[in-house]
1. May I ask which of B:LYS107/B:LYS134; B:LYS166/B:LYS190; B:LYS53/B:LYS92; B:LYS70/B:LYS148; B:LYS70/B:LYS190 have a Cα-Cα span longer than 28 Å here?
2. Order of B:ARG221, A:ARG374, A:ARG748 from fewest to most other C-beta atoms within 10 Å?
3. Read phi for every residue in the stretch A:601-616 and hand back ³J(HN,Hα) as whole Hz from Karplus 6.51 cos²θ - 1.76 cosθ + 1.60, θ = phi - 60°, with x for Gly and Pro.
4. Using the Cα centre of chain B as origin and beta-carbon charges of +1 (Lys, Arg) and -1 (Asp, Glu), tell me which of B:VAL225, B:VAL198, B:LEU286 is placed farthest towards the positive end of the dipole.
5. In what sequence do A:THR417, B:THR259, B:THR264, A:THR400 fall when counting other Cβ within 10 Å, fewest first?
6. Once you put a point 7 Å from the Cα of A:ALA355 and another 7 Å from the Cα of A:ALA275, both along the Cβ direction, what distance in nm separates them?
7. Taking R0 as 35 Å, what FRET efficiency do you get between A:LEU325 and A:THR298 from their Cβ-Cβ distance, rounded to the nearest 0.05?
8. Of A:PHE670, A:GLY720, A:ILE642, which is farthest on the positive side of the dipole of the stretch A:640-882, counting Cα position, with +1 on Lys and Arg Cβ, -1 on Asp and Glu Cβ, and the Cα centre as origin?
Amino acid sequence: MSDAYATTDRLVSADSNVYDRGLDTAIALSVIGFTLGLVTLVNLVPPGASGSALTTALGTLLAVVVGAVGITGLASYTNVVPVTSQRVRGIGLGLVVSTLALTALAAVLPVTMATLLGIVLLAEALAITAAGVSSRLELVDTEPNMSAGLLSGGALGAVGLAMGAAVGGALTGSGSLLWLVGAVVAGVGLFLLAILPREDLGSTLPTAIVVGALGLTIVTGTIGVGWQWNPQTLSGGFTGGAVIPVFLLVGTLLSAWSAAKCRAGFGARGREYGAFLVINLNAFLMVAVMATIVVFVTIKGVGYAVHGLSVGALTALVLLTPALLAAVQFARTPAGTNDWNAGARQLFRVLPLAAIGALAAMFASVLVTGTPLRYAYDYTVQVNRQGQALDTAIAVTPDTSIGTLLLIAPALLLAVTFFRSFGSLRNVGTQSERADSVRQAVPTVVLGLVVLIGFFLVFGPAPFGFPLNETLAFAAVVAGSVAAGGLAVSPLVGVLASDGPTLAESAQREAPLFTLGVFGGLGLLLATLLLQPVAGINPRVGPVNLVPAVALGAAVASLALATLTTVAKRSSEETITRRLLTEETRLGLVGAAGFTALVGLHVAVTGTSFNVLGVSIANEGSLSWPMVMQAYIPLGAEPGGIMPAIIGTVWLVVGATLFAVPLGVGAAVFLTEYAEQGQFTALVEIATNALWSTPSIVFGLFGAAFLIPRLGGDESLLAGMLVLGFMLLPLVLITSRESIKAVPDEYRDASAALGVTQWETIKSVVLPAAMPGVITGVILGVGRIAGETAPLILVLGSTLNATAAVDVIDGFRFVSGPPFIANDALLTASASLPTQVWAVIAAGVSGSPQMGWATAFILLMVVLTFYAVGITARTYFRRKLNYE
Amino acid sequence: MSDSINTETSTDTETNGEQTVTTASPSAETTAGESDERVREEWRQYEFAGDAKLSVENLDVWYGDDHALKDVSMEIPENSVTALIGPSGCGKSTYLRCLNRMNDRIKAARIDGSVELEGTEIYDPNANLVELRKRIGMVFQSPNPFPKSIRENISYGPRKHGDINKGLLARLFGRDDTEKEGALVERSLKQAALWDEVSDRLDDNALGLSGGQQQRLCIARCLAVDPEVILMDEPASALDPIATSKIEDLVEELSKDYTVVIVTHNMQQAARISDQTAVFLTGGELVEYDDTDKIFENPESQRVEDYITGKFG
């Protein structure tokens, strides 16, 4: 209604819009009240809280609100994220004002949370009454209809009915029917009050009566914190602690609706805004429930979960590098046109860099000075009903060792990004003689090494009693390493030796050598590396550790190659050459990461650390996180951690996914693409839906009675994987089927018209287009099975406080008879996060409740990580399908 | 599907005759008296110099109980543009889809009769569908590029047929056809008159192109597998006039090297670009087939004249 201010004989003019700002604040207060209602409902702040507990809670809320509104305001002011709506601005201001007022009130008056909430409701009632009356008296310009309408009347009448019944029942006691009289009087009264007067009164007065009544009962203490009501007709009862938050939720929803209608001047616009706000709060409730659960579990569990976390400064720096690079990239993006606030916008871009840079500087200073950073907090654990202080110190130590995983993981990431963009170039590599001659040698060498590995695998390190490993294997390792090193360096040599007129020309001419050098070198060195443990020889050849030394040298060569091509690219004008060289740069980087990863792999496989320039690469890095990285220590001073349970859960999810996704997607492809729609597909559909609704405990029983006797007779990881796989299967099938159906038939027609067979079409057109949907199904399913407890208790074995994790990767063994590959680890019982939580918290088996909460927190994190991976994959495929 | 096909060309003419009469009656509601007109055999005879690329004999198609195409016989000359016109539901698209066996994909369709490509029966149960569709390409009514890059769209067919090898393995073995692919993409896009517009963004997603560009991309994709015949099912019906005229120019250009069969609702378009025109009328029968000039200036059939002048259909 802001456009109607201009009339001078009104109370409210464009210059002093008390009406608008007041109602904005009323809406904001409703939102705050709604939030506080949720907070009280989940007991984050109990309704009886007062004094410092209350002011602390409200102070936190104030800080959050001021921070959020402040940042948004600043972003809007500098045009980074412009907020133009007057209403949104007003509500933002109102949020600050009302939170500030509430905090001040709590600081000045000796009130409890409940009383404060009652005051909120009373204030709301007053505000909307004032707004409605001033509209009716035509003090402000509004466009009300003749009535608030039957729907609003019905809703308010229903609320009145419930309130009347409750009040009547409480006053007269059960047995008499007087409560019915109260209900009818209140319900009909509110209904009539809503529909009979003009809309401005009809949608404010009854609301104000309800909200005011709710507020009064709380403020006067009629329903206080200690209040309790046990009607004889019900088996349960009501307590003040539960009723007050519900009052607040209902009251604030009503007042928000009413205030929004007033704010938009009633009429069609008023209804629109009122409805918008109410459904918005509903959606907010959804987010709030999720956030509440995460926050609640985090608060309960995080203190224990991160205790004793310690990390070497070098490792921390390496972990920080991606964030640092991203921040640099972000800071470098131009801030746009050079208007007055471009500088302010630039500030926003530099902020992350400053924060991460400061962190990096802190870690670097630890390395330089050798003084660790430490932070400790008070935490008490309940062990056998006795409080015990926990050593909580979180530290960054001047340790310079690096864990192998840290070297291997980035290589995988880089390889993925490389293959994603591989082969999109038009003029890659003309034929090169140098490359051809090298190429001919590679298969022979790799084949020779593979044969050797197979030989030692079959006959053991010392076949027929001859010490073959001493001579043959050593020779092979030396030859393999040297050949791999030569291959890795060959592109560099090739480019430098090439007689092209420019560096870019030479690089382009020798392009085939790049692929060969990087991938051939990696393959050869990997084979050489694998030969060592298989042949049972000492990885140390003479004074040096040959394989990692060569790998490190090759990594440096690849990095030099990448630098060389980057320099060449800068100097070249031609688009095609530049794009070719971009790919070669990437190849060089993949080589650098890959060879570095081989160093890590070498350490992981042989178990001996490798030192270079004062940095030690070891299997155990300098990261120590007791809760996550340790197994349970039965009789130690510290209880240790839940690493076996984490590993168990990860393996369960991986196994179930590997089992269910190919089967589910395959079946979906058959049903949608090949099978004729008919009774068979209908039957499959019914079976799938039935499978999806089957209770999980039934799956567990089936697994225990059917699978376990057939899988070695004991509870096992494999049985758990299969049972979870069965549970995942229907969801993957249903979602895959839907998304395959949603792929337009035009694609299939187009492909068929090109003479491409159906299977090829499915593989290269239909499935990629259906991929996002398939992944959505897997994400949903993984979320369900990761936390599944009931079937796991039956089939996995509820191994509690496990002292060792299942070692699936190392468990693989070659055996002479069928099935030739065996894995005992899959057939042993394992721990898992949900069963651990269940046992510690619900069944009360040993372990402190704090540890249970920490386990729940970690379970939540594991599931969220799976989500994050899934959502990233889905986004990637979606983007690939639309506009890259 | 193939077992239901009768490769012998004799069809039951009596049954056909009956059905022609019964289904011709709906057209009576348009103009009185015309329904009496019987299609004469000589109207459908078209004599031309040179070889027939495709020859169709006594082709009948049923969708379930619906007799969609009735006893159509026609020969299509090489390196020319043949237009198929007629009102909606007259069976011209059905006919077009029979020429590269796309109707096989419709489960309810039953096809009877013979279609020969340079003397080879395509409805032979042992016919190689992949080879057939490589030789007879198709462009659809609405542009349907794959959600892939422009380059991948064009090289899709040759890659699936094994004519182009790409990727890490191909590169390691020194068989990388990236250059060949580049040449193919360039040639096809130039043939489809799209090269100048997209040459700098071949790796962009094809769905980002405009409708007209997408349709020309589909034509380029079809040309990339090097077909002999190109079937076009109202290729310009979803496009604006400028894009349409580009497609029309393209069709005329293509007819020098390819045999083009085009279905269109736009009679001016048929008149502009085609060498000969076949008119299908309601009920799935071929009424008249002759030189385009003859059809548009002096048709034999009264119904065809009414249709062309806009009195009916």
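None of the figures in this text is laboratory data; all of them are computed from the coordinates on show. As the structure is a computational prediction, the values presented were derived from the model and not from experiment. Quick reminder, even Gly has a Cβ in these numbers, built from the backbone with ideal geometry, and neighbours come from all protein chains shown.
1. Exceeds cut-off: B:LYS70/B:LYS148; B:LYS70/B:LYS190.
2. Values: B:ARG221 28, A:ARG374 11, A:ARG748 19.
Listing B:ARG221, A:ARG374, A:ARG748 from fewest to most nearby Cβ atoms yields A:ARG374, A:ARG748, B:ARG221.
3. 5, 4, 5, 5, 6, 8, x, 9, 6, 10, 10, 8, 6, x, 9, 9
4. B:VAL198
5. Working: A:THR417 12, B:THR259 23, B:THR264 26, A:THR400 16.
Ascending Cβ contact count within 10 Å gives the list A:THR417, A:THR400, B:THR259, B:THR264.
6. 4.0
7. E between A:LEU325 and A:THR298, to the nearest 0.05, is 0.75.
8. A:ILE642
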